[in-house]
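J.: Got a structure for you, questions after.
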Amino acid sequence: MRSANDVTDSEAIQPGRRRVLVLGGTGKMGRVLARVWDTAPPEGWRPTFAVRGSAPLPPTRSSAASASMSPPTAPSCAASSSAAPDPQAQRSGDVLSLEDLEAQIAQGRPPQFEAVLALWGVTSGDAAALAGNTALALRAVDIARAVGAARLFHASSSAIYSAVASSAPLPEEAVRVGFPEGRVQGVHQQGEARAGLPDTAPAGGYGAAKYAMEAAIATSARQDPVPQQIILRFANLAGGDSLFAALNRRAAAAAVPQMTLDQFENGRGPLRSYIAPVDLAHVMEALLNASGDSLPAVINCAAGGAIAMEDIARAAGAQVQWRPAPKGAVPCVALDLTRLARLAPDVAQPRSGADLVAQVAGASAHAAARPSPGSQVPASRQTPMPQAAVPPRGIAATSDPARPIARSKRVMDVIWALLLILLLWPLIMAVAAWVLLLDGRPVFYKSERMRSPTEGFDLWKFRTMRPDGADRGVSGGDKRHRITRSGVFLRRYRLDELPQLWNILRGDISFVGPRPPLRHYVEAFPDLYAAVLRSRPGVTGLATLAFHAREEALLAPCADADETEAVYIRRCIPAKAHLDLIYQRNRSICWDHWLILATVFRRFPLRGPTRLRRASR
């Protein structure tokens, strides 16, 4: 492992290799950031994690092996904080002793950094202990000035809004801390002012400590504008909050963990804003690469939308029990992300409970799998797939053993396929004629997919794109121009998949299961798909229901095939595989029917059971 002292001045100022100092490298947020950046470093930056001399270093690819996921039945949701470091591990960043850093500053020869992330803080204790947040923030200011940083990002918390009573998303102006008028007014002139919002400070506890910290930062910024100081009000960190900790404890004690949540008068549980590990890393990367003029003084940091805690628990394989919400319990805490959306629009998109669980799994898994040597992704864009998707060693002993498709499931598939062919043959013929008349030949599209790690088959669909002999990989924004006139409608309602009834009759796929992957993904990640394809591939499934819209949103901005491939490998495969493994461990005929109905209600907004409509959103 390299010490930060081994980095030369010439290396530090090379274009594309700016240096960022991370204070609090051994805290929850620092460890999560280290894990993600270890597999996907921030573009254009080399991080250095400052750690106390007696504290364990942030986990590396080698050391993170001990923090790998539990079996899919009850996945471990928290990012482990006890992984022992491997001193020989190769990292994407450096590690610097905080004591050495302060000694170098005292001697007048500090290392130089372009930016500082102050992630350290005190989260528990009495008022005196929590006041340490202010001391740490001012200490970060002194360090940032000493190392020549132009920017300093302070980690604050959404707990600062604890005294604001509002069911609407909370904008940054709901709690003001007195930054220089020019900075705040500059933000308001962009249309972010909200009329009638109280400037409410929290009364006590952690929220009050963070309020005092922000006030001290604002005073410091007024006294000296260098470095530029930005406060980041983070939502609950997925994997680091009480819900995920409780899921872990219960997962260790029972095959199917039980979670008890407050239930409010509307029949729902608590809704909260969260930020997941990969999203945290992307936010920090976007902020580091943003121009100084575009950065407001205070930014809410979370994934889009408030997420139901019950959805997180169920995505983690837990059963939810309810209790009446006590008096004073807050049903919803959501952050307004208008400012963040300008800087990191992808992160500000809505997330589901399954997204959070999948990202947490990725942050706490072991060494990353990499694309095959023949991958066409250029080196500048290659991003190794988080190992969350790759089953930990020994998963064969904990997952369902490999077995042929269950007789009852196969009987159900054949009966339903025959019944639907008899009922829908007029629609199938009409769609075929429509495609032929509107877009010409060929009417059908054939693609090789894998039913097992070694066995392929031809998957049939109605053609929705113009043919391209050089076509490869999944569909992203780079292929949008090839979608035919009929293809837009067929894809929206998944009518292009009607020919797959033939694949079901043949036994290639089932109605419910993981989507059949392309051969080159199976060859690139054989361990992963050896586990996923223990289940017969299907037309729909848990991953399709929970992640399909998210996958489309991730791939839509991709400008070319290389970028699409990199994003799909990095962001989509791990999340989908994790959900597929959860389905595999808990599959049953009843759940198959439930997933089919949920898919139908998602594609066709018919009136149906409330629970199904809610699940399909």
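The values are calculated or read from the model by the stated rules, or taken from the named source; none is laboratory data. Predicted model only: the values in this text are computed from it and were never measured. Heads up, the Cβs are rebuilt from the backbone with ideal geometry, glycines too, and the neighbour counts pull from every protein chain shown. SASA here: full protein model, heavy atoms, side chains in, ligands and nucleic acids out. Shrake-Rupley method; radii C 1.70, N 1.55, O 1.52, S 1.80 Å.
J.: Label 7 Å along Cα→Cβ of LEU597; region 535-576 residues with amide nitrogen under 18 Å?
T.: Residues 540-542, 545-546 fall inside that zone.
J.: Would you rank HIS520, HIS578, HIS481 by solvent-accessible area, highest first, keeping every protein chain in place and using a 1.4 Å probe?
T.: Details: HIS520 75, HIS578 10, HIS481 120 Å².
If we order HIS520, HIS578, HIS481 from most to least accessible, we get HIS481, HIS520, HIS578.
J.: Looking at this model, which pairs from LYS28/LYS479; LYS210/LYS576; LYS409/LYS576; LYS409/LYS479 are more than 31 angstrom apart at the alpha-carbon?
T.: In this structure, LYS28/LYS479; LYS210/LYS576; LYS409/LYS479 lie more than 31 Å apart at Cα.
J.: Sorted by accessible area with a 1.4 angstrom probe, largest first, how do VAL320, VAL512 fall?
T.: If we order VAL320, VAL512 from most to least accessible, we get VAL320, VAL512.
J.: I would also like to ask the following. Could you pull out every residue, at least 5 positions away or on a different chain, whose amide H is within less than 5 Å of the one on ALA297? Hs are placed 1.01 Å off N in the peptide plane, and Pro or chain starts have none.
T.: none
J.: Here's a follow-up. Tabulate in residue order the Karplus-calculated ³J(HN,Hα) for region 511-527, using 6.51 cos²θ - 1.76 cosθ + 1.60 with θ = phi - 60°, rounded to whole Hz; enter x for Gly and Pro.
T.: Each residue of region 511-527 in turn: 5, 10, x, x, 5, x, x, 6, 4, 5, 6, 5, 6, 6, 10, x, 5 Hz.
J.: Using only the alpha carbons, work out the radius of gyration and Dmax of region 404-521 in angstrom.
T.: 15.1, 43
J.: Based on the Cβ-Cβ distance from ALA430 to ALA103, what FRET efficiency comes out when R0 is 60 Å, to the nearest 0.05?
T.: Step by step, r from the Cβ atoms, then E = 0.15.
J.: Okay, next question. At ASP560 and ASP527, where each label point lies 7 Å from the Cα along Cα→Cβ, what is the point-to-point distance in nanometres?
T.: According to this spin-label approximation, the distance is 3.2 nm.
J.: What percentages make up the Cα-Cα pair-distance distribution of region 407-601 when the bins are 5 Å wide from 0?
T.: Taking every Cα pair in region 407-601, the percentages come to 1, 7, 15, 19, 21, 18, 11, 5, 1, 0.
J.: Taking H placed 1.01 Å from N in the peptide plane, check which residues at least 5 places from ARG18 or on another chain put their amide H under 5 Å from its amide H.
T.: Sorted by chain and number, the residues that satisfy this are ARG46.
J.: Among rounded, prolate and oblate, which fits region 497-572 when a ≥ b ≥ c are the square roots of the eigenvalues of its C-alpha gyration tensor, a/c under 1.5 means rounded, and a/b larger than b/c means prolate?
T.: prolate
J.: Working with all protein chains in place, sort THR564, THR134 by solvent-accessible area computed with a 1.4 Å probe, largest first.
T.: THR134, THR564
J.: Explain nothing, just compute: Karplus ³J(HN,Hα) = 6.51 cos²θ - 1.76 cosθ + 1.60, θ = phi - 60°, for every residue of region 125-140 in order, whole Hz, x for Gly and Pro.
T.: Computed from phi, the couplings for region 125-140 are x, 7, 4, 5, 5, 5, 5, x, 4, 5, 4, 5, 5, 5, 5, 4 Hz.
J.: Another question, if that's okay. Using a Förster radius of 45 Å, what is the FRET efficiency between ARG323 and LEU418 based on their Cβ-Cβ separation? Nearest 0.05, please.
T.: Working from the Cβ atoms, E equals 0.45.
J.: Starting from the Cα gyration tensor of region 301-363, take the square roots of the eigenvalues, sort them a ≥ b ≥ c, and report rounded, prolate or oblate (rounded when a/c is under 1.5, otherwise prolate if a/b is larger than b/c, else oblate).
T.: oblate
J.: Further question: So, R0 is 41 Å and r is the distance between the beta-carbons of LYS446 and SER588; what FRET efficiency does that work out to, to 0.05?
T.: Using R0 = 41 Å, I get an efficiency of 0.80.
J.: Using 0.36 nm per residue, how much length does the chain from ARG480 to ASP458 gain when fully extended, once their Cα-Cα distance is taken away?
T.: The ARG480-ASP458 span can extend by a further 5.6 nm.
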